[in-house]
1. Could you tell me how many of the residues in the range 6-46 are touching a helix residue (DSSP H, G or I) at 6+ places or on another chain (Cβ under 7 Å) and of a type in the set (Phe, Trp, Tyr)?
2. Find the residue count for the range 16-61, including only residues that are charged (D, E, K, R) and touching a residue at least 12 places away in the same chain (Cβ under 8 Å).
3. Would you pick out the residues in the range 56-101 that are part of a loop (DSSP other than H, G, I, E, B) and among the small types (Gly, Ala, Ser)?
4. For the subset of the range 63-98 comprising residues that are exposed (fewer than 12 other Cβ atoms within 10 Å of the Cβ) and at pLDDT 90 or above, which member is nearest to residue 3 (Cα to Cα)?
Amino acid sequence: MNALTQIAEFKSSPSLMKKLYEHSIVKSYPSGYVILNENAPIRSIPIVTKGNIRVIRTEDDGREILLYYIKVGESCIMSFLGGIHHETSKVKRKWKKTQRFFFYLLTK
């Protein structure tokens with residue numbers, strides 16, 4: 001549980017950390033790796049433990065528009081809402097640097 005204990009928001013809830021560890025998988029990817037493409041099914045919610053994730057929307061002409069960054073201790077609201085409503089992704093998520101995060105699995 002070391003990764004989550006370093007995040008202030010999780011320190012106050014050991015039971016939440018335990019559940020996250022039980023129902024999550026830990027992943028690391030290289031810089032620039034696309035974690036989730038637009039129109040892909042949402043099967044997990046990322047919780048960043050190290051680094052940043054860029055959330056991007058692609059325009060019809062192929063240009064990528066940066067919407068926001070997901071930082072340490074944060075998650076993606078688009079994944080959360082899409083996941084609980086069983087929708088596909090409206091955005092692309094891409095690593096800014098080689099880092100690590102938890103995927104909270106929506107189905108086990």
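1. Final tally of qualifying residues: 1.
2. Looking only at that region, the number is 7.
3. 62, 73, 89
4. 66
Listed here are the residues, each with its yes/no results for (1) over 12 Å from the mean Cα position of the chain (by Cα); (2) within 16 Å of residue 92 (Cβ to Cβ).
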residue	(1), (2)
16	yes, no
24	no, no
35	no, yes
42	no, yes
46	no, yes
52	no, yes
59	yes, yes
62	yes, yes
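The values are calculated or read from the model by the stated rules, or taken from the named source; none is laboratory data. Since the structure is predicted, the reported quantities are computational estimates derived from the model, not experimental observations. Methodologically, a virtual Cβ is constructed for each residue, glycine included, from the backbone with ideal geometry; neighbour enumeration extends over all protein chains shown.
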